[in-house]
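A quick write-up on the structure given underneath.
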Amino acid sequence: MDEELLCGLENFEAVWRRVRGEAPPAVPARTVPTPQSHTLCALMDEKCAQSRLYAALARCCGPLRSELERLAREERRQFRALQLEYFLITGACHSAGAGCAHFTDVKSGLRMAWLQEKESAAALERAALSAEATLRETLLRLAKEDEAHARTLYAVLRSCFCTD
């Protein structure tokens, strides 16, 4: 199932309980949002945007489709890892923001993706500096993955310019 369908189904149980006239379940107390939770929201939004960019590039780029689809899947996996950390901190779920990637041509889109991966790796490393141990470990792992994504994109861009 894709993310939009799952987002639509998230509130199904609550709506169905209201339709049947049941009392809502007790809601657990949520912690006060922290700077760390705001940072995680921003990082999740970046991951969502990166996934959408890779998916859009994959639709335009036949020979690179499988590699770009793999990167899109990895970005979605990273989003879910950050979503878990956010839930553990706040007790709430952060859903993916809406948006669409815009680029003029494939090379520009690949460059945009490369820049986003570099920026994302740096942001994850900065966030890890002030995080507790478990979250720090997750953030540093994701930063290394983003650096690997940037290297992959660099190789793809190099092949675009160095064809014989």
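Computed from the coordinates by the stated procedures, all read-outs in this text should not be read as laboratory data. These numbers were taken from a predicted model, which means no experiment stands behind them. Neighbour counts run over all protein chains shown; Cβ positions are idealised from the backbone, glycine included.
Numerical summary
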| item | result |
| --- | --- |
| Hydrodynamic radius (Kirkwood) for region 50-164, which is based on Cα pairs only, to one decimal in Å | 15.0 Å |
| Net length gained if the chain between residue 140 and residue 60 were fully extended (0.36 nm per residue, minus Cα distance) | 25.6 nm |
| Around residue 157: net Lys/Arg minus Asp/Glu count, Cβ-Cβ under 10 Å | +3 |
